[in-house]
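The next block holds one structure in the form of structure tokens; read it before the comments.
Nothing in this text is a laboratory measurement; each read-out follows from the coordinates by a stated rule. All values reported here derive from a predicted model rather than from experimental measurement. We place every Cβ from the backbone using ideal geometry, glycine too, and count neighbours over all the protein chains shown.
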Amino acid sequence: MHDSVTATFGGREITFKIDRQDLPLFEAYAGIPAIEMFMRITGGRWTVQHLKSVLTLASVSADKLAELRQFTGALRRMAPGDTGLIDSYLKGCAPHVRRTLTANPVAQYAILTQAILAGALFGLSAADATFTEQSADGE
């Protein structure tokens with residue numbers, strides 16, 4: 001089973017992954033449980049912000065996530081529900097995500113975000129662990 005998705009995203013090949021140990025961090029950033037986000041995206045009840053939160057955290061480098069992990073527990077104890085500091089930290093980490101979502105039709109990335117969350121929550125088959133923008137368009 002795979003826990004990451006290799007994707008062609010905005011013309012680049014990127015590996016998107018949310019480590020299981022980072023699910024609490026994702027939930028603090030997104031403001032909802034990962035399984036609820038998965039169900040919203042799967043059910044077609046997503047927003048652009050939902051997609052952006054998954055893609056952003058899943059594209060952040062391991063060293064940046066390690067830094068963030070160090071102070072996330074303290075942040076959650078000091079200001080539960082306040083994701084402003086996490087959001088500020090991640091804002092500069094994924095400029096390609098913001099540019100790609102702004103420049104392209106957003107709905108095609110719902111499939112990618114669904115696969116990213118499925119990888120973290122359940123694991124993915126090899127066939128489900130890849131994504132191309134062309135396949136999302138049906139080409």
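Rounded to whole numbers, the Karplus 3J(HN,Hα) couplings from phi for region 94-105 are 9, x, 5, 4, 4, 4, 5, 5, 6, 8, 10, x Hz, using 6.51 cos²θ - 1.76 cosθ + 1.60 with θ = phi - 60°, and x at Gly and Pro.
Taking 0.36 nm per residue of separation and subtracting the Cα-Cα distance, full extension of the segment from residue 6 to residue 45 would add 11.6 nm. Ordering of 60-70, 20-30 by packing is 20-30, 60-70, highest average first (other Cβ atoms within 10 Å, averaged per residue).
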